[in-house]
Amino acid sequence: MMRNLSVGFLFFLFGSFFGGLDPAQASHRAVTPIQGVVAGYGRTCAFSAETLVCFGAGYGSQPLSPRKFRGLRQVAIGYQHTCALDQDGVWCWGNNEEGQIDVPLNLVNPHQISAGWDHTCALDDEGVKCWGDNQYGETQVPASLKNPRKVSTGYDHTCALDDVVVKCWGRNDNRQTQAPTSLKNPHELSAGGHHACTLDDERIKCWGDNQYGQTRVPRSLKNPRKMSAGADHTCALDDEGVKCWGDNGAGQTQVPASLKILEK
């Protein structure tokens, strides 16, 4: 879902929640052509149809790649686990203290995955299915989902785009599961640490924890078309380039002046 973004934008947008990235830890194997780049939780992965190369903090002693992939389509990075979706299904590896890599056997043609702190979700032909830590009910998918089109996992909560509404479940201490009911045809969705955001026909709308201003969407956004919620910050791509707001303790919202229009 981020394949149209440049590598530079993705590296900047997600950065690292818990530490810097160290390219020296990357494998020297070529990934050609690069189809996607995913970053988060101190780790970055680039992939082609059959090759996955990851670098950064190796939380949980994750191996570079657990298998030979076929038609690799998506990679999702959790706190101490990583998952991949290829033509054969969903594959997860890394820390499994909460069962977050125990992929259910009943997935039917999965076409999207998302990894949270200690839980994982997939969207297949039957709907949303989640596994792993369920301390706050984050893997307990609501029966009210009718036609889910996207799923996104936060730290301890999960959100899904269900037709023209957003439904969230799990931890709700910051009202992160209380999505607005006045959304106008939402088409993008991203769950952050303890907040979530969506992009509808009007603008970007965020809810949940606002300790650092991460849900306070700037009015200066001009025609935003992509957005992503991080741990305590949020970023968007609009007609003027990249704009971020929220926690800036590690410089994650201080967009370099050189980042102009990166999407072709």
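So here's what we get for this one:
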item: Segment N223-N248, extension gain: residue separation times 0.36 nm, minus the distance between their alpha carbons; result: 6.6 nm
item: Partner aspartates and glutamates for K68 [C-alpha distance under 13 Å; skip if fewer than 8 residues away on the same chain]; result: E50, D86, D88
item: Computed magnitude of the charge dipole of region 171-226 (debye, nearest 20; Cβ of K, R +1, Cβ of D, E -1); result: 200 debye
item: Net charge of neighbours whose Cβ lies under 10 Å from the Cβ of K146, counting Lys and Arg as +1 and Asp and Glu as -1; result: -1
item: Square roots of 5 times each gyration tensor eigenvalue, C-alpha, region 56-194, largest first, Å; result: 24, 17, 13
item: Set of aspartates and glutamates with alpha-carbon distance to K150 below 13 Å, sequence-local pairs under 8 removed; result: D124, D125, E126, D162, D163, E188
item: Gained length - N109 relative to Q35, 0.36 nm times residue gap less alpha-carbon distance; result: 24.6 nm
item: D102 versus D201: modelled label distance in nm, points set 7 Å from Cα along the beta carbon direction; result: 4.4 nm
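FYI, it's all coordinate maths here, none of it is from the lab. From a predicted model like this one, the values you see are computed outputs, not experimental measurements. Methodologically, a virtual Cβ is constructed for each residue, glycine included, from the backbone with ideal geometry; neighbour enumeration extends over all protein chains shown.
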